[in-house]
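Undergrad: One structure, pasted below without further comment.
The values are calculated or read from the model by the stated rules, or taken from the named source; none is laboratory data. Note that the structure is predicted; figures quoted are calculated from it, not measured. A quick note on method: Cβ atoms are made from the backbone with ideal geometry, for glycine too, and the neighbour counts reach across all protein chains shown. Areas reflect the complete protein model, heavy atoms only, side chains present, ligands, DNA and RNA absent. Shrake-Rupley method; radii C 1.70, N 1.55, O 1.52, S 1.80 Å.
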Amino acid sequence: GGTTSFFVLLRKKMRLPFGCFLVFFALLTDVALGWKRVVFYHLEKAGGTTALALLHSAVREGLMPSVEVVNEHSFFEPRHLSADYFRIGVVREPCSYLLSEYNWGEAKKGWLLYDLKSQNASRLYGTTGDNSFSHSLFAEWVSYMNAVVDDTATSLLRKTLPAKVDPYEETPLLEEEEDKEEEFSPRCGVESMRYWTQVLNPEAGKAINRRFAPASGLSDKGYPCTREVGGKNETNPALCPCPLGTCGREATADDHATCVREILTKRPNFDCWLRTEAVYDDFLHCVEKYQKNNTEDGDQRDDAPSSQDTTRTTTTTRRRLNATAIADLIPNVRRNARRHVECAAAFADDPALVELVERQEAAFAAVFGWKTSPDDTSWCCRPQPLDPRPLV
């Protein structure tokens, strides 16, 4: 028809590949309809496949516009943190996260496996003689991924994090008592480091990758990288340490200190987080929030102060949320589910392993609500209550 011919002609005039044209057209449509753009942060092994299926269902139902995805190996761009975007992310309890990431590599998948091969460390993936879960290999893998390579981190932390931070308050509280013992480890764990380099400080992740840049340099996306594989130099995106490789091992003590400080003090103001253990409930809440906030009159987060101007009315021609219709889609979404040993069983009878993870993911767990108080030292593998949802 005439409309189709018009858009075909427009694409030819713009000389855009079909895929690029679809992205351009989606953004143009969002702007024309007054919809806030949606960007989704896909943290690997945190339920992102299920979350994306749910979000695409919402798009098909007309409840959201197109969804822009910052995928597992990519970094947020400055524009994603602007007021033009409605930000959605996935997050997972850190002990459960490590187990899922380990199982992913044990299944011979993922960029991390490729990176570990270049370090002759892929032996850490494996099973016992009867093909069951190997606790000893898992514990060794966790220790390798969280290895303290530089023990000067503590002194650097004192220099870069002089203020005490209380993440258990909605607004972090700063105290001037520099001689107080710091509550948090001066190092970031695997999930913390990915969150920091992908969302809070992408330039830091790219800087770590730059140490492995090929002669031609890194692209704007922060990869590929060059390492020695099988006695020969190889250039491959999967060889970059950040965000999916051994990012924490390659980071300096100063990198780790900055990671801890920025997790505690910087807020990327995501509109909603989909927690792996509560992804369906969080998804329904997220769609409701998008519908509530994204009206013609304003694009405020629902936890922000409301406007004093009550004379204007808000209207929208968009379809309102039909929670029942969306809930009906949930059983049909594509899941990336595999049967594995339970989190509690993987960490059972190994207090040293639990202590390692709880120490190096403490800041992240406190900000997102798994660690509920300074004295809470038993949050590993513990599901988070449905409410309150994290506002980070």
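Okay, residues lined up against (1) charged (D, E, K, R); (2) open to solvent by 60 Å² or more (accessible area, probe 1.4 Å); (3) in contact (Cβ under 8 Å) with a residue 12 or more places away in the chain:
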| position | (1), (2), (3) |
| --- | --- |
| 343 | no, no, yes |
| 350 | yes, no, yes |
| 365 | no, no, yes |
| 374 | no, yes, yes |
| 382 | yes, yes, yes |
| 386 | no, yes, yes |
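Undergrad: Look at residue 93 and say whether it is within 25 Å of residue 278 (Cα to Cα) and open to solvent by less than 20 Å² (accessible area, probe 1.4 Å).
TA: Criteria met by residue 93.
Undergrad: Same structure again: Would a scan of region 111-119 turn up a residue that is without any contact (Cβ under 8 Å) to a residue 40 or more places away in the chain, surrounded by 16 or more Cβ atoms within 10 Å (Cβ to Cβ) and either charged (D, E, K, R) or under 16 Å from residue 245 (Cα atoms) (or both)?
TA: Yes; the residues of region 111-119 include at least one that is without any contact (Cβ under 8 Å) to a residue 40 or more places away in the chain, surrounded by 16 or more Cβ atoms within 10 Å (Cβ to Cβ) and either charged (D, E, K, R) or under 16 Å from residue 245 (Cα atoms) (or both).
Undergrad: Scan region 59-90 residue by residue and report those that are open to solvent by less than 10 Å² (accessible area, probe 1.4 Å) and over 27 Å from residue 370 (Cβ atoms).
TA: 63, 64, 65
Undergrad: With of a type outside the set (Asp, Glu) and over 16 Å from the mean Cα position of the chain (by Cα) as the only criterion, which of 74, 136 stands out?
TA: Matching residue, one of 74, 136: 136.
Undergrad: Determine if region 31-38 includes at least one residue that is modelled with pLDDT of 90 or more, surrounded by 20 or more Cβ atoms within 10 Å (Cβ to Cβ) and either over 23 Å from the mean Cα position of the chain (by Cα) or of a type outside the set (D, E, K, R) (or both).
TA: Yes, region 31-38 has at least one match.
Rundown of residues vs (1) within 22 Å of the chain's Cα centre (by Cα); (2) within 21 Å of residue 78 (Cα to Cα); (3) at pLDDT below 95, yes/no style:
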site	(1), (2), (3)
179	no, no, yes
183	no, no, yes
193	yes, yes, no
202	yes, yes, no
217	no, no, yes
221	yes, yes, yes
228	no, no, yes
232	no, no, yes
238	yes, no, yes
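Undergrad: Wholly within region 213-279, which strands (runs of 3 or more DSSP E) include no fewer than the required count, namely at least 1 residues that are over 30 Å from residue 38 (Cβ atoms), touching a strand residue (DSSP E or B) at 6+ places or on another chain (Cβ under 6 Å) and open to solvent by 10 Å² or more (accessible area, probe 1.4 Å)?
TA: 225-229, 232-236
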